[in-house]
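Trainee: The structure is given below, and queries will be raised subsequently.
Values in this text are rule-based calculations from the coordinates and carry no lab data. Please read all numbers here as calculations on a predicted model, not as lab measurements. Here Cβ is always computed from backbone atoms with ideal geometry, including for glycine, and neighbour counts include all displayed protein chains.
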Amino acid sequence: MHRPKKTGDYGIGQMIHCIHMTDDVKKLNDFYRDVFGALLYMGEDEPNYLPPEDRWASLMMVGDLCIETMAPNTPVDATKPVGKFYTKFGRHWHSVGYRVDDLTGLANNMIERGIYIGRPGGGKVEKMDEGVGYFYPSPRDMFGLMAEMCTHDMPNDPRLKDGWAEQERQWEQHPLTIRRLAHVMLGVKDLDAATASYVNRVQAVPLQSGVDDVTQAKFQIVQLGDSLLKLVQPLDDASDLGRHVAKYGNMIYAVTFRVTDLDSAERWLTKKNIRTTRPTPTTVAADPADTWGAPYFFTTESIPDDPFED
């Protein structure tokens, strides 16, 4: 069963990027090229510098996932958002972004349902004006998900060009055998409240729920736009996820890729000096200490009623 790649009344669509915060964009780019076969399409030779944010960044594809590598300029200015995040969390998953058809409608619908949206200069948005290009709903009201909602595509996004479908298949031929992004995992303290908020306030589509042996958590998978979020509440405070939630609260925890050959992926990661475990027979977990602070899982397991499964 295939569902549309947009959700809700306002057309939440493509996940434009997932940001990996670091301290050295060039070195992280090299890591992604070496281990994941990443295709850089912005900042290939020199990362892009944005003076207002005092940060460096590059854009790349790994399968169907656009990863933005980002680092604050040095010395780190902790009064700027990027510097503040890095000072608090260090190397970590940072945020995601979604392209939206009716951005003003989405913003006002969120506001009506109690989701706080701040003004760039401070203060609360009571009603969103027409013509706004992007906004960030409060991560607190999104249960830890920092999400840019915007009207634009990423510059020169390969996914929007002719021939992308063929180009995307190159990752299945890579030793990691990546088919696609399975889901972005969001660690939460209260799964029921998080699920209710995403379904009722953000119009996400609920899919599978249950207990996850990989993270030792109860979970709910929802479709938001053209991708899946896996909301996970730890059942064991001593697990990696449990420690993450205890330390950071609600926050992006991990990214999971669907792969075709788990043994090949495991061998490749080992060859690249990335330590791994197999929490279940169908999943390999990479040690985040070896993946620049970003937990990665690789799985052959399918999701019932997955709208993006071939």
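Trainee: Please work out how much length the chain gains when fully extended from Met42 to Thr260, using 0.36 nm per residue of separation minus the C-alpha to C-alpha distance, in nm with one decimal.
Mentor: 75.6 nm
Trainee: Loop by DSSP (not H, G, I, E, B), at most 12 other beta-carbon atoms within 10 Å: where is the longest site-free stretch of the chain for trypsin sites (Lys or Arg not before Pro)?
Mentor: 170-310
Trainee: Something else now. Going by how many other beta carbons lie within 10 Å of each one, how would you line up Cys150, Cys66, Cys18, fewest first?
Mentor: Listing Cys150, Cys66, Cys18 from fewest to most nearby Cβ atoms yields Cys150, Cys18, Cys66.
Trainee: Which residue, chosen from Thr276, Gly225, Leu241, occupies the Cα position most advanced towards the positive end of the dipole of the range 173-299, where the dipole is computed from +1 (Lys, Arg) and -1 (Asp, Glu) charges on Cβ about the Cα centre?
Mentor: Of the candidates, Gly225 comes out farthest on the positive side.
Trainee: Short version: ³J(HN,Hα) in whole Hz for each residue of the range 178-190, in order, from phi by Karplus 6.51 cos²θ - 1.76 cosθ + 1.60 (θ = phi - 60°), x for Gly and Pro, what are they?
Mentor: Result, ordered by residue: 6, 8, 5, 5, 7, 5, 9, 9, 10, x, 9, 7, 9 Hz.
Trainee: Here's another thing I want to ask about it. Where in the chain lies the longest segment free of GluC sites (Glu not before Pro) that are both loop residues by DSSP (not H, G, I, E, B) and have at most 10 other Cβ atoms within 10 Å?
Mentor: 131-310
Trainee: Helix-derived [θ] at 222 nm for the chain: sum -39500 (n - 2.57) over DSSP H runs of at least 4, divide by residue count, nearest 500?
Mentor: -6500 deg cm²/dmol
Trainee: Tell me, how many Å apart are the Cα centres for the range 45-67 and for the range 249-301?
Mentor: 23
Trainee: A further question on this structure: Pick out, from Ala196, Leu176, Ala289, the residue whose Cα sits farthest towards the positive end of the charge dipole of the range 173-299, with +1 on the Cβ of Lys and Arg and -1 on the Cβ of Asp and Glu.
Mentor: The residue sitting most towards the positive pole is Leu176.
Trainee: Right, next: Anything over 24 Å Cα to Cα? Flag those among Lys84/Lys124; Lys80/Lys124; Lys27/Lys161; Lys27/Lys247; Lys247/Lys271; Lys127/Lys189, in the order listed.
Mentor: Beyond 24 Å between Cα atoms: Lys27/Lys161; Lys27/Lys247; Lys247/Lys271; Lys127/Lys189.
Trainee: Considering the convex hull of the alpha carbon atoms of the range 194-277, report its projected area averaged over all viewing directions, in nm², one decimal.
Mentor: 6.8
Trainee: Follow-up question, since we're still on this one. Which of Thr215, Thr79, Thr69 ends up with the largest GNM mean-square fluctuation for the chain, with Cα atoms connected below 10 Å?
Mentor: Looking only at Thr215, Thr79, Thr69, the biggest GNM fluctuation is shown by Thr79.
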